[in-house]
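Structure, as C-alpha cells:
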Amino acid sequence: MKDIFNITFLIALLSASIRLSVPILFAALGGMYSEKSGVVNIGLEGMMLVGAFAGVVGSYFTGSYWIGTIVAVLSGMLIAALFALITVKIKINQIVSGVAINLLAVGITSFFYRALFGITTVPITVNAFSPVSIPILSDIPIIGEILFKQTALVYIAFILVPISHYIFYKTSLGLNIRTVGEHPMAADTVGIPVEKVRTACVLISGALAGLGGSFLSLGQFNMFVDNMVSGRGFIAVAAVIFGKWSPTGVLMASLIFGVADALQIRIQMSGVSIPYQFLLMFPYILTVVAVTGIVGRTTSPKALGTPYEK
Amino acid sequence: MNTILRMVSISKYFGTLAANEDVNLEVKKGEIHSLLGENGAGKSTLMNVLYGLYQPDKGEIFFEDKKLNLRSSKDAIDLGIGMIHQHFMLVPVHTVLENIIMGMGKEKGLVIKEEKLKKEISEIAKKYGMEISLDSKVGNLSVGQQQRVEIVKALYRGAKLLIMDEPTAVLTPQETEELFTTLKIMAEDGMSIILITHKLKEVMFVCDRVTVLRDGKVTKTIDTKDTNELELARFMIGRELMPIERKQEYKVGEPILEIESLSHEGEKGEKSLNDISLTVNSGEVLGIAGVDGNGQKELAEVIVGLMKASSGTILLDGKDITENTIEEIVKMGVGYIPEDRHKRGLILDFSVSENLILKDYYKKPYRKTLFFDFNVINKHADDMISKYSIKTPGRHAEAKKLSGGNQQKVVVAREIHKLPKLLIAVQPTRGVDIGATEFIHQEIIKAKEDGAAVLLISTELSEINYLSDRIAVIYKGGIVGEMDKSDFDENRIGLMMAGAN
Amino acid sequence: MKKFDIFQLLKILIPIAAVFLALLLGSVLLLFIDVNPLEAYRYLIFGNFTNKYNTAEIFVKSTPIILTGLAFTFAFRTGLFNIGGEGQMFAGAMAAVFVGLKTGHLSPFLTISLSLIGAIIAGAIWGLIPGFLKGIFGSSEIIVTIMFNYVALYLISYLVDKPLRESIGFYPQTDLIGKNAFLPYVVPNTRLHIGFVIAVIISIIVYIILWKTPFGYRLRAVGFNPDGAEYSGMSIKKSIIISMAISGALAGVAGFTEINGIHHRLLDNFSKNVGFDGIAAALLGSANPAGVVVSSILLGMLQTGSNSMQRGVGVPANIVSIIQAMIIILVLAGNMLRPKLELYMRRKEKVIE
C-alpha cells in the first residue's frame, strides 16, 4: 500500500491510461463527426460492439488482426449506414434510433457468435495486436515507456486528433460539416447537400466506433465476449459533450476517462479495502459529474438532434 | 432591355393546397422587380422554386433564354441566381469569411486559402460601397451588417439575379434607404433584383415593375409608373379594406400599468432595457414603436414576470408586481399576446380546446376534483371557436394544423375573452393574413373599449398608427420619445427609431 | 354514421406489418445457419401454447416489460428520454428485497405493501436524481440515466457480494425474502403472479393521469413546449423533476414484481435488459399505455418462445433480440412514412373524384 505511488506504478498507470482511453477516443472522435453534423449518436455503443465482434471474426478466419480491424471498420460502417438511413433519411428520432441500433447490435453479435462458434463456455481466442516500440522515441525515459510502447492502433487514434482538427477548421469539408450541424437550412441554401454530409459523418462515426471496438477485442484482449463494450460507447458520447465538440477537448476527456479506468483497475489489484464495485462505478459517476459541470449546452451544434426538413 | 428570367405557368402544391397556380413572372436585365402579395400569397414558394429549393409540380423556367431544370439551390447559384432570405441564412458562430465561402468547396478548393479569399471578397464589397470585417463572428454583427454579409455572399457567388425576401422588415427607415441606394447602384450595373414585399410604399419608391400575387395566382403585372398604392392594394387584397369601427368617444380611466425607471440586463450583462418609465391607463392603447431587437421582447417579458428586472418598479393597478412570478401575474388578470405564437403562445401539439385553457387548465369549472371536466372544456372551445371565428377542422384538431392567422386567433381569444385589466400585445399580427389582421385589430380596440389598458408593441408603424392613442418609441432599450396620436409623424418616428432625437 | 377510415386502419396495420417483416428478415438469418424457418417459427410461436405453464410464462415475462415500458412512456410523453428504466428497476428491486428480508414475518398484505412502497420510492429516487440534474443544471437526462443503469448494476453486485450475501455465503445472492412477501399466484401451478394484474392496473392509472387530469396536462405541456408552458405560468424545472420521479417509480415497481413475484431474492444480473425491452415495448406501442401492454405481451411471447426454439431446433435464443430490434425500427420507419403514404392516397382519391 505504501509503495503504490512510486514511479514504476505511475508509469504503468499512465501507460495503461493511454491504452484504456483509446477505445473511448476512437468512438468519441467518431461521435464528434456525427454530432458536429447534427446527428446525436448514442448508437456508438452498438457500433463498437459490432466492431469488437467483427474484428475477432476477421482475425479468426484470416489469421490477420489487421484484416480483422478492416472488417471491424467496415462492419461499423454497415450498421452506421442503417442508422443513417433511419435517422437522416427516414428521420426517426435519433435517440430512439440509437437505442434500437444498440439492441440490434447486442442481438447480432451474440447470435452470430453462437452461430459461428457454437455455444461455448470458453471464448475462442484469435491473433491480436502486440505493442510496437517506436525507435528512438521509445528510449526516452518515462515518456517513451508511457507513450511509445503501445500497439499500432493507439498511435492511429492519437494521430486522428490533429487530423480531425485540420479537417474541421481548415478545409471546406469541415466547414460544410459545421454549417450543416449549426444551420442546415443555411447549408441547403448555399448548395451543401445536408443529408449527404450527415450520412457521411454518421458513416465516419461508425467506422471509428468499429475501430474502437476492434481495439477492445484485438488490442486490449484477443477475444470477444457478449456485451464486452459495457458502456464505453455511452462514455464516448459523454466525452464528446465533455470535450465541447472539439477534437482536443475530446482527447482530454478520453484521457481523463482512461486515467479513471486505469486507476480503478490498479486499486482493485492493490487490494485496497474499497469494494471493487464502487471502483467500477467510478467512470460512470465521473461521466455524470462531467455532463453536470457543463452548464447548459451553449457550445453544442445548434441543430443537434433535429432532423432537417425543407 | 432584354429578359433575364421567364417563369411560365408554375404550379406548386403542398399536400392538396395550391401554393402557386399557373404563375407567370418575367424579369428584365438591370431591373428591380417587385413581387407583391400578402402573407401566404405564395411569394416565398415561387422564389424557392426559382432558387431550386422546391421542384415545381408544373411549369417551366427560362434563365438567360435557357430552360432550367433545377435540382437544388446549388444549381441556381451556379447559374447566377442569388437569394437573401427574410431570416438570414447565416451561421452566428461562424466568421463572416466562413459564412461567405461556405459550400464553395468545389470552386475554391478543399483547403481554405484564407488570405486569397479575403482579398477577393474585400474587392467585391468595396465595389458596392459595403464595408465588412471578415474575421468577426456573424452573431456579433448588427442586423444591417448581417444583411450586407448576405449581399456580399450572393455577389461573391457571381449572382446576376438577386432575390430579396422582405429585406426591410428588420431595418430602420434610414437603413432601408441605404439598402435601396445600394440596390439601385447594383441595378445600374446590370444586376436584376426581385424584391419580395408586402409594403406598397417600397414598391412605388424603388421598383421598376411589379407582379402582384394573391392566393397563389398572379393578379397583375404592371410598371410602377403606371399605377399607385391604392390600385396595388386592390390587386393584392382583392377588395377594399374595411375601416375599423370605433366609438367616437372613449374614456381614459385610472392608470393600470405604471412602470418606473425599469432596467434589465441580458445574459452577458448588456443593458437590454434602460431606465424605462411608462404609464398605460384603462381604456387606452399605448403603442411602442421601434425596430426589432431594441428591447421590445424584454419589456413585455419583464412586465409579465418571464424575466427579472435589474432595477425599477412595475405597478399593476397600484400593486407592486416587480418581484412576482409569471404564475402570479397570470393569475392577476394580465392578458399577453406574445411575439412568437409557436414558441410561447401555443402548445402546437395540443388541440385547439386544450390550447384555449392553457392558462386556466387547473381551475374550476374545467376541473372537477382531480380530473378534467371535458363537457365544460369542449363547450368552452366551441364557444370560442364560433365567437372568434377560428377556422379549424374541429376543437380536437392540433393547433399546428391551423393556419397562422387562425393560430393567432386562438391566442387572442384566450387572452382577451376574460376581459383582462392589462393586455400586452406584441406583434399581434405578424405573419397573419389581412382578414385575420383586421379581426385581431378589432378585438384589440374592443378590449380597450371594455376598459382594458393595452400595451401594443409592434414594428409595423402602420399598425401602431392605426390602433394607438399614444405612441412611444423604443431604441436600444430606452424610450426616446412619446407623443399623442394627433402628433403622429412617420418621418419623426422613423428618425427616433434610428436613435436620432 | 361514421365513414370507414382507411387511415385509422393504417395505424394498426403498420405494427402488424412490421412484425411480419421482422420475422421474414429473421428467417433469412435462420436459413443462414441452415435451419428451416417454418420449423423454427413453429416453436417460437406455438411453443408457448403447449401447456398452461408456458402460456402463463408469456405474462410472467411481460409484467416487468409493461412497467418499464410505462416508465419510458411517461417520460416520453412529458418530453424526456428516460433510458434508465433498467437502473430504476434495479433500484426498486434492491428496496423490495431489503423490505422483504426485514418485514417478511409480517402479514402478507402488510409486507407486500411495504415492499411495493419501498420499490416505488427507490425507483423514484433513481429517476429523480437525473431529473434534478436536468432541471437545475440542464444535464442531458439521456446520458445521466444511462450512466445510472451501470451504477445500479454495480450497486447490486456489491450488495449481493457483501452486506446482503446469503447466510451460507455460497453464491453472490441474498437470502430468500420472507414467505409472506411472495406475491400470490393467480393461476395455480404456474409462475403467473398478481404482479401482472398490478401492471395492467398501473397502465390504466398512467393513462388517466396523463390525459384526464390537469396534473398530466401540465406535464405534457412542458414536454411539448417548455417555452409555451413557462409563458402560461408553469414551472419547467418542477415538472421535469416530477416527471422523472414518476417515471422512475414506475420502473421501480418492475423491480418489485420481479423480486416478490419471481426470484424472491436479489441476485447478480437478474432480469437483465428488461429496461431496454420496456423501451422497445413503448416504441412498438406508440407510447400509449394500452399499446405498451399489448406490445409487452408480444415481446414476452417472443422471449418465452425463443427458449423453446433454442431447445427445439438449436437456434440461439438471441435471434429474438435481432427480431425485436428490427420490429422497432420498422414500426418507427412505418410511422414516419405514414403521412407520406396518406398524402399519396388522398391525392389519388382526389384524382378519382
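Worth pointing out:
- Backbone N within the stretch A:265-291 under 19 Å of label point (7 Å from residue A:149 Cα along the Cβ vector): A:266
- Antiparallel content of DSSP bridges confined to the stretch B:3-237, in %, to 5: 55 percent
- The 3J(HN,Hα) values that the Karplus relation (6.51, -1.76, 1.60; θ = phi - 60°) gives for the stretch A:25-37 are, in residue order, 4, 4, 5, 5, 4, x, x, 5, 4, 5, 5, 4, 8 Hz. Gly and Pro appear as x.
- Anisotropy class of the protein assembly as shown from Cα gyration tensor, a/c 1.5 cut: prolate
- Among the listed pairs C:162/C:237; B:12/B:220; C:162/C:272; B:106/B:201; B:297/B:359, those with a Cα-Cα distance over 31 Å are C:162/C:237; B:106/B:201.
- Take every pair of alpha-carbon atoms less than 8 Å apart whose residues are at least six positions apart; their mean separation over the length of chain C yields a relative contact order of 34 percent.
- The stretch C:125-148-the stretch B:19-52 distance, computed between alpha-carbon centres (Å): 49 Å
- For the stretch B:455-501, applying the loop criterion from DSSP together with a ceiling of 16 other beta carbons within 10 Å to the trypsin sites (Lys or Arg not before Pro) yields B:476.
- Residue of C:166, C:141, C:342 that the Gaussian network model of chain C assigns the largest fluctuation, springs spanning Cα pairs under 10 Å: C:342
- Residues residue C:269 and residue A:159, FRET efficiency given R0 of 56 Å [Cβ-Cβ distance, rounded to 0.05]: 0.90
- Partner chain coverage, peptide B:78-85 - average Cβ within 10 angstrom: 1
- Taking label positions 7 Å along the Cα-Cβ direction at both residue B:111 and residue A:121, the computed distance is 6.1 nm, reported to one decimal.
- Residue B:214 long-range amide H proximity, modeled H, under 5 Å: B:219
- Part-to-part distance (alpha-carbon centres) for the stretch C:171-238 and the stretch A:120-139, which is given in Å: 50 Å
- Dimensionless Rg ratio for the stretch B:3-237, taking C-alpha atoms and the 2.2 N^0.38 Å reference: 1.00
- Most mobile listed residue (A:121, A:299, A:287) in chain A, GNM with C-alpha springs under 10 Å: A:121
- The stretch C:252-353: trypsin sites (Lys or Arg not before Pro) in DSSP coil with no more than 14 other Cβ atoms inside 10 Å: C:272
- Remark: the protein assembly as shown carries 41 Å² of accessible area per residue (probe radius 1.4 Å; ligands, DNA and RNA excluded).
- Taking chain A and dividing mean pair separation by its residue count, relative contact order in percent (alpha carbons under 8 Å, at least six apart): 37 percent
- Among A:286, A:137, A:153: highest mean-square fluctuation, GNM of chain A, C-alpha pairs under 10 Å: A:137
- Each Lys or Arg adds one and each Asp or Glu subtracts one; over the other residues with Cβ under 14 Å from the Cβ of residue C:49, this totals +1.
- Annotation for residue C:38 and residue B:137: the two label points, set 7 Å from Cα along the Cα-Cβ direction, are 6.7 nm apart.
- For the pair the stretch A:245-286 and the stretch B:101-162, the centres of their Cα atoms are 47 angstrom apart.
- Take each residue in C:29-35, count the other chain C-beta atoms within 10 Å of its C-beta, and the mean is 2.
- Residue-wise HN-Hα couplings along the stretch B:261-274, as the Karplus relation 6.51 cos²θ - 1.76 cosθ + 1.60 with θ = phi - 60° gives them from phi, are 6, 7, 10, 8, 10, x, 4, 8, x, 6, 7, 8, 10, 10 Hz; Gly and Pro carry x.
- Global form of chain C, assessed from the alpha-carbon gyration tensor, a/c cut-off 1.5: oblate
- For the peptides C:215-224, C:142-151, residues were scored by their other Cβ atoms within 10 Å and the scores averaged per peptide; the highest-first order is C:142-151, C:215-224.
- Averaged over peptide B:300-307, the number of partner chain Cβ atoms lying within 10 Å of each residue's Cβ comes to 1.
- Based on Cα contacts under 8 Å between residues 6+ apart, the stretch B:3-237 shows a relative contact order of 30 percent.
- Residue separation of residue C:6 and residue C:28 scaled by 0.36 nm, minus their Cα-Cα distance, works out to 4.7 nm of gained length.
- Amide H to amide H, with H built 1.01 Å from N, residue B:322 comes under 5 Å of B:314, counting only residues 5 or more places away or on other chains.
- Backbone amide hydrogens, once placed in the peptide plane, bring residue C:104 within less than 5 Å of C:178, excluding anything fewer than 5 places away on its chain.
- Accessible surface buried upon B-C contact (total; probe 1.4 Å; Å², nearest 100): 2300 Å²
- Modelled label positions at residue C:336 and residue B:126, each set 7 Å beyond Cα in the direction of Cβ, lie 5.0 nm from each other.
- Computed from phi, the 3J(HN,Hα) profile of the stretch B:132-146 under the Karplus parametrisation 6.51, -1.76, 1.60 (θ = phi - 60°) reads 9, 9, 6, 8, 6, 6, 4, x, 8, 8, 6, 4, x, 5, 4 Hz, with x in place of Gly and Pro.
- Between residue B:66 and residue B:189, the FRET efficiency estimated from the beta carbon spacing at R0 = 22 angstrom works out to 0.50.
- Whole-Å semi-axes of chain A's equivalent ellipsoid (Cα gyration tensor): 31, 23, 19
- Applying 1/(1 + (r/R0)^6) with R0 = 56 Å to the Cβ-Cβ distance of residue B:14 and residue A:142 gives a FRET efficiency near 0.25.
The values are calculated or read from the model by the stated rules, or taken from the named source; none is laboratory data. Fair warning: this is a prediction, and the values are worked out from it, not measured in the lab. A quick note on method: Cβ atoms are made from the backbone with ideal geometry, for glycine too, and the neighbour counts reach across all protein chains shown. What goes into the accessible areas is simple: the full protein's heavy atoms, side chains included, and nothing from ligands, DNA or RNA. Shrake-Rupley method; radii C 1.70, N 1.55, O 1.52, S 1.80 Å.
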